[in-house]
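Working notes, beginning with the structure itself.
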Amino acid sequence: MVWSSARDARKTRAALVKAWNSFANIMPDFAVVLGLIGIMLTYLSPNVVAVIIGKASGLGGMVLASIVGSVTLIPGFVAFPLAASLLKQGAGVMQIAVFVSTLMMVGIVTAPLETKYFGRRETIIRNSSSFIFSFIVAAVIGVIAG
Amino acid sequence: MKAGLKKYRWFLLILLIDLLLAANSPAQGRLIWGHTFDVFVQMLSVLPPIFLILGLLDAWIPRETVIRHLGEESGVKGLGLSFVLGAAAAGPLYAAFPIAAMMANKGVKYRNIIVFLGAWSTMKIPMFLFELTSLGSRFAIARLLLNIPGILFIAWLVDRAVGEEEKGSFYRRHRQGI
């Protein structure tokens, strides 16, 4: 920043104006997504997720875990210890793996924002193929780490 | 003022839903308010620095340099660099979107942008180390190794399935820069 101002103050100012404009421009869409996250965190808190995933078993359990993973947005530093404690309590490794993978790769709540930046088709195809891919990941991890 | 309200109409709708949920259950209403406040604070600590850095990068990095390393002709090296850029990151997925917009503006190949997005979503190195200690090396390494071909395949699929029309409008939309 200092370097940039020293080298070319006008260029730096233009860059800042541009940064501010694009920030202000995208804020309405960000606000929607953050509002959705606020609601989602209330009804799908880590505790609720733990109850749902902890009991999940079989293919039905994997589907359930993948849906929860796709809808929730839990940061990794909360999700990994949560997943580890669920494994210790006897949750299935495939259900946990599909949950972790969809949690990171599939974003239903952020989809409006992704559509805004990338377009509808990209959002649908990237998220749905990531969803299916997460089942492959879970199956392989089930064999390797199960 | 009126234009401002219109821009935020969907957000206002969500606030209305929040109020209805709060009227239904004040305790949950307080939780929703707390969570929404927290994610806004988090967003405000993540996005402004990213936009600031993007603004400066946008001004100082020549398009030609970016095209040489990540553009149409960048080949395997471009793919590898896209993985590294995504994996070296820290932060939520939504922070990757404006960066992807700048990549588009600088002429980065479409497939490489999707690889970057995929690596950011699930291969971040700090997160990998954390996964390693919480879920064990077999789990974390297996997932990491699967993610490389997985992301390549997803990027290939998205690249093929998204028509030229949507790709064109993607690049046009971000022609102004970030």
### Message
What is the percent carbon and sulfur in the accessible area of segment A:46-145, measuring with a 1.4 Å probe over the protein chains and ignoring ligands?
### Response
72
### Message
If you split all Cα-Cα distances of the protein assembly as shown into 20 Å bins from zero, what percentages do you get per bin, shortest first?
### Response
30, 57, 12, 0
### Task
Determine the per residue accessible area of the protein assembly as shown with all protein chains present and a 1.4 angstrom probe, expressed in square angstrom.
48
### Span from the segment A:99-146 Cα centroid across to the segment A:1-57 one, whole angstrom
20
### Task
At 7 Å along the Cα-to-beta-carbon direction for both B:Ala22 and A:Val51, put a label point, then send me their distance in nm to one decimal.
2.4
### Query
Using the alpha-carbon atoms, what tilt in degrees (0 to 90, nearest 10) does helix B:26-60 show relative to the longest principal axis of chain B?
30
### Query
What residue among A:Leu103, A:Leu113, A:Leu36 shows peak mean-square fluctuation when chain A is described by a Gaussian network model with Cα springs under 10 Å?
A:Leu36
### Query
Which whole-number percent is the relative contact order of chain B (Cα, under 8 Å, 6+ apart)?
21
### Query
Roughly how much accessible area, to the nearest 100 Å², goes out of reach of solvent when B and A pair up, both sides summed, probe 1.4 Å?
5700
## Note on the structure
With Cα springs under 10 Å, the Gaussian network model of chain B assigns the largest mean-square fluctuation among B:Leu79, B:Leu129, B:Leu54 to B:Leu129
### Message
Residues of segment A:41-56 that become at least 20 Å² less accessible with every protein chain present than in their own chain isolated, using 1.4 Å: which are they?
### Response
A:Leu41, A:Thr42, A:Tyr43
### Query
With every protein chain present, what accessible area does A:Val140 have (1.4 Å probe, heavy atoms only), rounded to the nearest 10 Å²?
50
### Summary
The answer for chain A, counting only DSSP H helices whose Cα atoms cover 30 angstrom or more along the axis and whose Kyte-Doolittle average is 1.0 or greater, is A:120-145
### Message
Quick check: at a probe of 1.4 Å, how many percent of the accessible area of segment A:1-43 sits on carbon and sulfur atoms?
### Response
62
### Message
Could you tell me the relative contact order of chain A? Use alpha-carbon pairs under 8 Å, at least six residues apart, and round to a whole percent.
### Response
24
### Task
Would you compute, from DSSP H runs of 4+ residues alone, the mean residue ellipticity of the protein assembly as shown at 222 nm, taking -39500 (n - 2.57) per run and dividing by the full residue count, rounded to the nearest 500?
-27500 deg cm²/dmol
### Message
Across segment A:1-43, what fraction of all alpha-carbon pairs, as a whole percent, falls in each successive 10 Å bin from zero upward?
### Response
26, 28, 22, 17, 7, 0
### Query
How are the Cα pair distances of chain B distributed, in percent, across 10 Å bins from 0?
9, 27, 29, 23, 11, 1
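Is there a quick way to get the dipole size of segment A:1-107? I mean about its Cα centre, with the Cβ of Lys and Arg at +1 and of Asp and Glu at -1; what is the value in debye to the nearest 20?
Dipole of segment A:1-107, to the nearest 20 debye: 420 debye.
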### Computed over segment B:28-103: relative contact order in percent, which uses C-alpha pairs under 8 Å that are six or more apart
31
### Task
Under a 10 Å cutoff between Cα atoms, tell me which one of B:Gly163, B:Gly136, B:Gly29 has the largest fluctuation in the Gaussian network model of chain B.
B:Gly29
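The values are calculated or read from the model by the stated rules, or taken from the named source; none is laboratory data. Small disclaimer: the values here were computed from a predicted structure and weren't measured. Cβ atoms come from the backbone with ideal geometry, glycine included; neighbour counts cover every protein chain shown. When the accessible area is computed, the model is the full protein with side chains, heavy atoms only, and any ligands, DNA or RNA have been set aside. Shrake-Rupley method; radii C 1.70, N 1.55, O 1.52, S 1.80 Å.
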